[in-house]
Amino acid sequence: MNENNMPKLTDLFAALGDPVRFAITERLLRDGAQSAGDLRDVAEISAPAISRHLKVLRSAGVISQTIDKQRRIYAVNPASVGSIRAWIDSHEAFWASSLDRLATALQEDKPDE
Amino acid sequence: MSELVLERHFPAAPDRVFAFISKTEHLLKWWGPESMTVPEHDLAFDRLGPWFSVMVNAQGDRYKVSGQVTHVDAPHSVGFTWAWHDEDDVRGVESHVTIKLVPAQKGGTDFTLTHVDLPSDDVAANHQQGWTSSLRKLEALAI
């Protein structure tokens, strides 16, 4: 149930744990690919600070960067959101089906066996 | 930080439910999806220490999960760590499971299972609050 080509979950969570980086990611998901300049108004911080956050997001695999006419364009890496969803889905599937069986097992249980 | 919460109500009393979520002979009656068998296991949450289970589906695919039992408080709660192993038996990202039992007002037991991802450092933990709803929002946007 592990996908080795997916970004590491712990890296994703650490990167997204910062409010500015979360806001950048949310913006890119909502509005699509953008340049660092477009992302300037995401938070009241300097351009170099935005660049640092973008670098952290890139190294964690949350976003990817392409060059378009000397502009750096950033976009969310679909695998990053996919691996977060896969984590939730795999555990939800396990527990939901197991707990159904637990309910049945308890029903069939005779307390004085 | 990713969090999964599942709530159930069972007509049985907490003592009985606790036996079912902690003792090997009972765990094996419900552990894993219906179609799977559990041919190899050290599965008990009534004592601290390591646990593991290997589940096998009808096609013969093996799914191993392992961890450590971190707390046992009969008949109220158990906690254990959790990580899937890959095909080469390398243990993956560790997460933590807590099961809580509370006597229900109308009889029986209110059951809550919480499964949370453990971040590699405290960065994510500092912003844990509101993380789950934010995550849902991110997922909704990504669809």
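Which residues, taken from region B:13-30, are part of a loop (DSSP other than H, G, I, E, B) and surrounded by fewer than 19 Cβ atoms within 10 Å (Cβ to Cβ)?
B:Ala13, B:Lys23, B:Leu28, B:Lys29
Which condition number in (1) of a type outside the set (Phe, Trp, Tyr); (2) touching a Leu at 6+ places or on another chain (Cβ under 6 Å); (3) more than 10 Å from chain A (Cβ to nearest Cβ) is the one that B:Leu27 fails?
Every listed condition holds for B:Leu27 apart from (3).
Please go through region B:24-74 and pick out each residue that is modelled with pLDDT under 95, basic (Lys, Arg) and over 20 Å from B:Arg91 (Cα atoms).
Within region B:24-74, B:Lys29 is the sole residue that qualifies.
If we keep just the residues of region B:100-113 that are more than 10 Å from every other protein chain (Cβ to nearest Cβ), out of contact with any Asp or Glu (no Cβ under 6 Å at 6 or more places or on another chain) and part of a strand (DSSP E or B), which is nearest to A:Arg85 (Cα to Cα)?
B:Lys100
Given (1) exposed (fewer than 15 other Cβ atoms within 10 Å of the Cβ); (2) in contact (Cβ under 8 Å) with a residue 12 or more places away in the chain; (3) not in a loop (DSSP other than H, G, I, E, B), where does B:Ser35 come up short, assuming only one miss?
(3)
Restricting attention to region A:54-111, report how many residues are among the hydroxyl-bearing types (Ser, Thr, Tyr), surrounded by fewer than 19 Cβ atoms within 10 Å (Cβ to Cβ) and more than 7 Å from chain B (Cβ to nearest Cβ).
Adding up the residues that qualify gives 5.
Residues that are of a type in the set (Val, Ile, Thr) and more than 20 Å from A:Ala105 (Cβ to Cβ): does region B:85-96 have at least one?
yes
Counting just the residues of region B:60-82 that are outside any strand (DSSP E or B) and within 14 Å of another protein chain (Cβ to nearest Cβ), which one comes out nearest to the chain's Cα centre (by Cα)?
That would be B:Pro75.
Tally up the residues in region A:65-96 that are aliphatic (A, V, I, L, M) and assigned to a helix (DSSP H, G or I), please.
7
Out of region B:1-12, which residues are more than 9 Å from chain A (Cβ to nearest Cβ) and crowded, with 20+ Cβ neighbours inside 10 Å?
None - no residue of region B:1-12 is more than 9 Å from chain A (Cβ to nearest Cβ) and crowded, with 20+ Cβ neighbours inside 10 Å, so the list stays empty.
Go through (1) over 26 Å from A:Val20 (Cβ atoms); (2) touching a Leu at 6+ places or on another chain (Cβ under 8 Å) for A:Arg101 and report which single condition fails.
A:Arg101 satisfies all of (1) over 26 Å from A:Val20 (Cβ atoms); (2) touching a Leu at 6+ places or on another chain (Cβ under 8 Å) except (2).
Among the residues of region B:79-114, how many are touching a helix residue (DSSP H, G or I) at 6+ places or on another chain (Cβ under 7 Å) and over 18 Å from B:Gly32 (Cα atoms)?
The number of residues fulfilling the criteria is 4.
The values are calculated or read from the model by the stated rules, or taken from the named source; none is laboratory data. These numbers come from a predicted model, not from an experiment. For neighbour counting, all protein chains shown are included, and Cβ atoms are generated from backbone atoms with ideal geometry for every residue, glycine included.
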